[in-house]
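What follows is a short report on a single structure.
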Amino acid sequence: MQRLTIPILTLLIALTIAACGGPAAPASGGAPAGATPGPTKVALALGYIPDVQFAPFYMAQERGFYGAEGLDVEFRHTTSTDLLKLIGTGELSFGVASGDEVLVARSQGVPLVYVGAWFQKFPISVIALEKAGIRRVGDLKGRTIGVPGRFGATYVGLRALLLSAGLSESDVQIREIGFKQVQALTEGQVEAVVGYTNNEPVQLRALGQAITTIEVFDHVTLASNGIVTNEKTLRERPELVEKLVRASLRGIEDVIARPDEALDTVLPKYTPEAAPRREILRQVVQVSLPLWQSEQTAQRGIGYSDPAVWTASRDLLRRLNLLGGEVDLDKVYTNRFVSK
Amino acid sequence: MVSAAGTSRVREERGGGPARSEERATAQGRERRERRGMARRPWPGALTVPLSLLGGLLAWKLLVVARDYPAFVLPAPERVAARFLLALRDGTWWRHTEATLVESLAGFALGFAIATVLGYLLAKSPPLERVVAPYLAASQALPVVAIAPLLLLWFGFGLLPKVLIAALVVFFPILINTVSGLRQIDPALRDVALVFGATRRQLFTLVELPLALPTLLSGVKIGFTLAITGATVAEFIGADRGLGVLLNISNGLFDTPLLFVALLTLVGLAMLAYGLVTALERALIRW
């Protein structure tokens with residue numbers, strides 16, 4: 001038994017490594033080649049389970065915006081880190097992810113390009129029960145704050161927020177609580193939690209909790225969710241990128257114009273399990289709409305990336321020591337597919 | 001059902017070929033077998049392990065060179081080694097490894113204690129086994145990743161839920177091996193001991209424990225490595241330290257070399273645990 005175990009273990013490790021590398025083989029791109037007259041198949045990765053938050057993309061599908069561009073879009077649901085890696089290897093061509101993650105990934109050599117902004121405001125909030133008396137960033141000093149983990153938008157948002165008030169991680173007690181913010185806060189296990197502006201505050205209020213929130217976007221500038229592709233797709237199939245971005249941005253505009261209709265369409269088809277929570281989800285959508293718009297988008301159209309935001313984001317992430325290497329901002333994002 | 005599953009695992013573990021299966025587990029036969037096995041162990045073990053490790057490293061390096069993978073997909077071994085040294089110097093590595101070690105050791109101890117006591121009772125009392133068996137089977141149907149968030153919620157975010165999750169994973173294989181280890185003892189041996197006037201305690205320390213020990217240790221071997229997995233899963237869900245946390249952090253930073261450092265540390269811990277129990281096995285079963 002013992003004689004065989006270690007060689008077998010080693011072999012298994014080697015095989016696992018080989019298998020992990022396997023699918024990343026010669027980057028084939030998400031879409032098939034061939035100039036068949038039918039629609040072009042393309043996969044769009046979304047960084048979470050099917051959820052009403054992705055309504056703009058579901059609506060672009062349901063209203064036929066993708067179809068009108070000659071695209072046959074298939075949604076893939078995974079985590080945003082995984083989808084960025086898959087786009088980086090060329091296994092997928094398109095996904096939706098946060099600008100700060102794109103910057104971190106670029107700094108590690110993942111060849112991603114952000115081609116259309118969806119959120120104009122970084123949608124992260126610090127939430128506390130009203131009785132805790134947390135109203136300003138400075139009030140967080142010495143408090144116990146729950147985050148899902150030391151990764152992702154919630155963690156970056158919290159650290160950036162603390163930095164804006166001259167605080168650091170050591171001035172507060174950070175607790176990793178998984179995605180159990182609502183429970184951890186109501187059970188009193190932490191004094192504040194970090195969550196998504198359009199989710200946890202809505203859930204907590206629906207539970208009848210009196211809460212206070214501090215919005216990260218009121219204090220810090222961070223690039224947020226948008227459409228991401230890889231350098232290869234951008235170089236070799238710019239027309240495909242243009243079509244996908246154009247149709248997706250129409251989806252965003254459509255939800256802004258008719259949010260209730262979007263909910264009625266998306267809920268039964270994409271998230272039937274959530275149907276009993278329709279009223280909460282309606283509020284989630286309502287709270288989301290202003291996050292997708294800004295003065296900039298009023299002038300330059302939905303999807304616009306503000307260069308100042310990207311510069312500030314990169315500098316902030318560098319100060320937070322999250323960037324592995326140098327980042328050339330000209331390669332990170334582009335506005336060439338955004339009209340107006 | 002428990003004992004059936006246990007017996008088949010015992011056979012696998014022992015690798016008992018047809019030549020062995022006809023001999024019932026008499027003390028003499030076992031002793032002879034153990035000696036024979038030990039005499040053959042030293043040299044192939046000493047040579048194959050470094051060779052196979054070297055081969056694995058070489059294959060890894062070749063794969064990276066041949067397919068020209070970027071570091072975020074598959075980092076070359078020397079990049080991982082450099083990252084390891086960096087994590088070692090800045091204290092990252094030990095901070096996380098220590099947490100996983102503490103959780104898995106405590107989880108193992110807890111799981112082991114409960115499983116052996118319960119296992120002894122079940123082996124002695126078939127009616128009790130019939131009562132408990134459905135719950136044992138049910139407990140194995142629950143994926144750890146699914147109940148870990150619940151345990152975190154119920155027991156807070158400190159050390160306890162991680163230890164409980166590790167203990168939970170350890171519990172079943174040790175229980176099964178305890179039960180089957182005791183069950184496979186030839187009843188005739190027990191009768192002989194009783195005829196010669198052995199007390200209950202003597203029966204346990206002189207007959208049951210020594211004879212069940214090899215099977216029990218097989219369970220320990222599996223359980224020890226599983227404890228590490230259990231602790232890591234718990235950390236993955238919500239913790240501030242541990243290799244599961246390091247996996248999450250490095251993943252979020254797209255730092256694949258650091259991810260490999262965490263993974264290889266887990267592999268190393270499992271191999272170390274396995275080696276320790278194997279050494280213990282040799283020391284204990286030598287008499």
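The values are calculated or read from the model by the stated rules, or taken from the named source; none is laboratory data. This one's a predicted model, so the numbers in the text were calculated from it and none came from an experiment. Backbone-built Cβ (ideal geometry, glycine too); neighbour counts: all protein chains shown.
Numerical summary
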item: The one condition in (1) at pLDDT 95 or above; (2) crowded, with 19+ Cβ neighbours inside 10 Å that A:Lys85 fails to fulfil; result: (1)
item: Wholly enclosed helices (runs of 4 or more DSSP H) of region B:171-267 bearing at least 1 residues of a type in the set (Phe, Trp, Tyr), farther than 18 Å from B:Ala109 by Cα and touching a helix residue (DSSP H, G or I) at 6+ places or on another chain (Cβ under 8 Å); result: B:209-237
item: Failed criterion for B:Val170 (all others in (1) of a type outside the set (Gly, Ala, Ser); (2) in contact with a Phe, Trp or Tyr (Cβ under 9 Å, 6 or more places away or on another chain); (3) under 30 Å from B:Leu58 (Cβ atoms); (4) away from every other protein chain (no Cβ under 14 Å) hold); result: (3)
item: Among (1) within 30 Å of A:Gly324 (Cα to Cα); (2) within 14 Å of chain A (Cβ to nearest Cβ); (3) surrounded by fewer than 20 Cβ atoms within 10 Å (Cβ to Cβ); (4) of a type in the set (A, V, I, L, M) - the single one B:Leu153 does not satisfy; result: (1)
item: Count of region B:50-61 residues which are closer than 27 Å to B:Leu253 by Cβ and more than 7 Å from chain A (Cβ to nearest Cβ); result: 2
item: Selected residue [within 14 Å of another protein chain (Cβ to nearest Cβ), assigned to a helix (DSSP H, G or I) and not basic (Lys, Arg)] from A:Leu317, A:Leu323; result: A:Leu317
item: Residue that is farthest from B:Ala234 (Cα to Cα), among those in region A:151-183 that are away from chain B (no Cβ under 11 Å) and hydroxyl-bearing (Ser, Thr, Tyr); result: A:Ser164
item: Where a residue in region A:278-306 is under 30 Å from A:Asp330 (Cβ atoms) and its partner, wherever it lies, is outside any helix (DSSP H, G or I) and of a type in the set (Val, Ile, Thr), with Cβ under 6 Å and at least six apart; result: A:Gly301/A:Val338; A:Gly303/A:Val338; A:Tyr304/A:Val338
item: Verdict on B:Phe196 being over 30 Å from A:Ile174 (Cβ atoms), away from chain A (no Cβ under 14 Å) and surrounded by fewer than 16 Cβ atoms within 10 Å (Cβ to Cβ); result: yes
item: Within region A:221-262, tally of residues that are of a type in the set (A, V, I, L, M), free of Cβ contacts under 8 Å to residues at least 60 places away in the same chain and either surrounded by fewer than 17 Cβ atoms within 10 Å (Cβ to Cβ) or not in a helix (DSSP H, G or I) (or both); result: 1
item: Residue that is nearest to A:Phe119 (Cα to Cα) [pool: residues in region A:284-320 that are of a type in the set (D, E, K, R) and surrounded by 14 or more Cβ atoms within 10 Å (Cβ to Cβ)]; result: A:Asp306
item: Residue satisfying all of: in region B:62-80; surrounded by fewer than 16 Cβ atoms within 10 Å (Cβ to Cβ) and in a helix (DSSP H, G or I); nearest to the other protein chains (Cβ to nearest Cβ) among these; result: B:Arg67
item: Selection status of A:Ala206, modelled with pLDDT under 95, crowded, with 19+ Cβ neighbours inside 10 Å and either under 23 Å from A:Ala105 (Cα atoms) or aliphatic (A, V, I, L, M) (or both); result: no
item: Residue among A:Val193, A:Val182, A:Val220 that alone is of a type in the set (A, V, I, L, M, F, W, C) and at pLDDT 95 or above; result: A:Val193
item: Strands (runs of 3 or more DSSP E) enclosed by region A:128-204 - at least 2 residues per element that are of a type in the set (A, V, I, L, M) and under 24 Å from the mean Cα position of the chain (by Cα); result: A:144-147, A:192-196
item: Test for A:Val113: is it crowded, with 21+ Cβ neighbours inside 10 Å and in a helix (DSSP H, G or I); result: no
item: Tally, over region B:236-282, of residues that are over 18 Å from the mean Cα position of the chain (by Cα) and of a type outside the set (Val, Ile, Thr); result: 20
